[in-house]
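Notes to accompany the following structure.
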Amino acid sequence: MILMDNVIREGHPTLRTRAKELTFPLSPEDKKLGQDLLEFLINSQDPVLSEKYNLRSGIGIAAPQINESKRMFALHLPDDNDNQISFVAVNPKIVSHSVENTYLTNGEGCLSVDRNVAGYVPRHARITVKFHTLDGEEKKMRLKGIPAIAFQHELDHLNGVMFYDHINESNPFADVPNSQPIENN
Ligand code: NB4
Ligand code: NI
């Protein structure tokens, strides 16, 4: 199972590297990598297991964060109607996005960043994405709210981008044009 010791932290070059596309069929190792990423999120949100294994809770994690420079990430979170969103995305792409922006009023954090970096992280409010499942099936879906923000945060990791790269350096809480913020506790 993935533990926090397996998560690389800012300063590690893999976090600033564009990850490589995967080809299908995936190797048994790459399939297990995807399953392990999703399992980590489920464990991290479990009060008993997160306590037992000292896991920071996460709704998303990308393969480069455990030093696997491959275009794969997992998401596990409730959507706005409390339906559980839970999948592993391989070779994910944003095929279109809204003009409208959004951001989390409390900013973002990252399992690879052991410090708070305050400020608004502008994101697309709604996105249409494509990715393949671990079995090679193509998926297309529309995301909004926190699932859309999380998908963009993870896709950034595949491109060597960190959330704070998007924060306005001179004024971290500068108004984000044409945006509807999302309150997150
Ligand atoms: C990725 C997220 C940061 C902003 C917003 C939030 C949490 C992460 C980082 C967008 C993506 C990890 C991956 C949470 C969390 C709310 C839902 C359900 C019940 C607890 C869980 C807590 F844990 N970020 N952590 N940070 N990242 N919400 N929630 N709750 O997931 O670095 O690249 O279980
Ligand atoms: Ni992150």
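The values are calculated or read from the model by the stated rules, or taken from the named source; none is laboratory data. The shown structure was predicted, so the numbers you read here are calculated from the model rather than taken from an experiment. Positions of Cβ are backbone-derived with ideal geometry, glycine not excepted, and every protein chain shown enters the neighbour counts.
Remark: pairs (first residue in segment 136-159, over 20 Å from residue 113 (Cα atoms) and at pLDDT 95 or above; second residue part of a helix (DSSP H, G or I) and within 12 Å of ligand 1 (Cβ to nearest atom); Cβ separation under 8 Å; 6+ apart in sequence or on different chains) = 143/151. Every condition in (1) surrounded by 12 or more Cβ atoms within 10 Å (Cβ to Cβ); (2) under 20 Å from residue 165 (Cα atoms) is met by residue 11 except one, and the failing one is (1).
When the residues of segment 142-159 are filtered to those that are among the charged types (D, E, K, R) and within 11 Å of ligand 2 (Cβ to nearest atom), which remaining residue is farthest from the chain's Cα centre (by Cα)?
Among those residues, the one meeting the criterion is 156.
If only residues of segment 92-117 that are away from ligand 2 (no atom under 16 Å from the Cβ) and among the β-branched types (Val, Ile, Thr) are counted, the one that is nearest to residue 61 (Cα to Cα) is 94.
How many residues are closer than 25 Å to residue 17 by Cβ, surrounded by 16 or more Cβ atoms within 10 Å (Cβ to Cβ) and not charged (D, E, K, R) if we restrict to segment 128-181? Outline the logic, then answer.
Going through segment 128-181, the residues closer than 25 Å to residue 17 by Cβ turn out to be 129-134, 136, 148-167, 169.
Subset that is surrounded by 16 or more Cβ atoms within 10 Å (Cβ to Cβ): 129, 131-132, 134, 148-158, 160-164, 166-167.
Subset that is not charged (D, E, K, R): 129, 131-132, 134, 148-153, 155, 157-158, 160-164, 166-167.
Matching residues across segment 128-181 total 20.
Checking the condition more than 23 Å from residue 9 (Cα to Cα), at pLDDT 95 or above and acidic (Asp, Glu), which residue from 68, 108, 100 passes? Only one candidate passes the filter, namely 100. Summed over segment 20-41, residues that are surrounded by 14 or more Cβ atoms within 10 Å (Cβ to Cβ) and within 23 Å of residue 58 (Cα to Cα) total 10.
Give the residues of segment 18-38 that are assigned to a loop (DSSP other than H, G, I, E, B) and either touching a residue at least 12 places away in the same chain (Cβ under 8 Å) or β-branched (Val, Ile, Thr) (or both), sorted by residue number.
Taking segment 18-38 and keeping what is assigned to a loop (DSSP other than H, G, I, E, B), we get 18-19, 21-27.
If the condition is that a residue be assigned to a loop (DSSP other than H, G, I, E, B) and either touching a residue at least 12 places away in the same chain (Cβ under 8 Å) or β-branched (Val, Ile, Thr) (or both), then 18, 19, 21, 22, 23, 24, 25, 26 are the ones that fit.
Does segment 107-117 contain any residue that is small (Gly, Ala, Ser), loosely packed, with under 13 Cβ neighbours inside 10 Å and over 24 Å from residue 82 (Cβ atoms)? First the steps, then the outcome.
Within segment 107-117, the subset small (Gly, Ala, Ser) is 107, 109, 112.
When the remaining residues are screened for being loosely packed, with under 13 Cβ neighbours inside 10 Å, the result is none.
Scanning segment 107-117, I find no residue that is small (Gly, Ala, Ser), loosely packed, with under 13 Cβ neighbours inside 10 Å and over 24 Å from residue 82 (Cβ atoms), so the answer is no.
Of all positions in segment 60-79, none carries a residue that is within 25 Å of residue 184 (Cβ to Cβ), more than 15 Å from ligand 2 (Cβ to nearest atom), of a type in the set (S, T, N, Q) and touching a residue at least 40 places away in the same chain (Cβ under 8 Å).
Here are some residues: 67, 101. Which one is surrounded by fewer than 15 Cβ atoms within 10 Å (Cβ to Cβ) and not acidic (Asp, Glu)? Give the steps one after another, and end with the answer.
Values: 101 fails: surrounded by fewer than 15 Cβ atoms within 10 Å (Cβ to Cβ).
The unique qualifying residue is 67.
When the strands (runs of 3 or more DSSP E) confined to segment 39-134 are screened for residues that are away from ligand 1 (no atom under 11 Å from the Cβ), those reaching at least 2 such residues are found at 84-97, 126-132. What do you reckon, is residue 77 within 13 Å of the chain's Cα centre (by Cα) and over 13 Å from residue 158 (Cβ atoms)? The answer is yes for residue 77. Does any residue of segment 125-132 turn out to be within 16 Å of ligand 2 (Cβ to nearest atom) and more than 18 Å from residue 71 (Cα to Cα)? No, because not a single residue in segment 125-132 is within 16 Å of ligand 2 (Cβ to nearest atom) and more than 18 Å from residue 71 (Cα to Cα).
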